[in-house]
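Only one structure is covered here, and it is reproduced in the block below.
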Amino acid sequence: MATKTQEGVEAGTAAGTETHSDETTAGVGTAEEVTPAEAAEVDATGQDASEQDAVEEEAAGTEQSASGAKTPSGVGQGAGAVVSAALGFVSLSGGWIGTVAGAREQLVGQLRTSSTASVATQIKAVYGNAWHSTALWAGLFALAALLTGVVVLARPAFGTPGRAQAPWIKSVAWAGVSLGVIGLLLAVLKYSDALLALPSAG
């Protein structure tokens, strides 16, 4: 009798253990099971996130490159200001071109004027035309200095908004404009004989 009872207990224990093992295995299988739709959705979400990050990085790099390319260095404006001041100085000093042009006109006047011409005619042909030629070239240099200086000063209005022009560029450009105005005024006065007119023959 005792032997049958012991066998029944052992059989019940084995059955319970087997049942518990089956339940555990079934639970693990249920927890680890993922449907194909869910796996595809997870892959698509990760891919979309990666693509969005790549697009954002590319856009940021493009913006930085564009901002770096559009930012002017100011070298051209500085060079223009210096050129304007130099042209203004040349307009006041006459320059090599004006001197050569005056000498040429003087030589042409000597060749075209006969020795029997009146003194007034000789003075006008030899010295007057040379003086006017020098004044004309000085006026051209002065006009070039004036226009160059004005362009340099007006350049920031058509450039990058909010970018101020360097103070030294403004100073040099204004110097070129001032010299150009003075040189142009003097050239007009000399060409019209209002300043340092030719002496009269009488």
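The values are calculated or read from the model by the stated rules, or taken from the named source; none is laboratory data. Please read these numbers as outputs of a predicted model, since none were measured by experiment. Virtual Cβ from ideal backbone geometry, glycine too; neighbours counted across all protein chains shown. Just so you know, the surface numbers come from the protein's heavy atoms only, side chains and all, with ligands and any DNA or RNA stripped out. Shrake-Rupley method; radii C 1.70, N 1.55, O 1.52, S 1.80 Å.
Structure data summary
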{"read-out": "Where labels lie 7 Å past Cα in the beta-carbon direction, separation of Leu196 and Leu136 in nm", "value": "1.8"}
{"read-out": "Accessible-area value, Val100, 1.4 Å probe, nucleic acids and ligands omitted, Å²", "value": "70"}
{"read-out": "FRET efficiency, 1/(1 + (r/R0)^6) with R0 45 Å, evaluated for Ile97 and Ala166 via beta carbons", "value": "0.90"}
{"read-out": "Mean accessible surface per residue for region 133-201, computed with a 1.4 Å probe while every protein chain stays in place, in Å²", "value": "60"}
{"read-out": "Extension gain, Ala154 back to Gln110 (0.36 nm per residue minus Cα-Cα distance, nm)", "value": "11.2 nm"}
{"read-out": "Relative counts (whole %) of C-alpha pair distances in region 77-202, using bins that are 5 Å wide", "value": "2, 13, 17, 16, 13, 10, 9, 7, 5, 4, 2, 1, 1, 0, 0"}
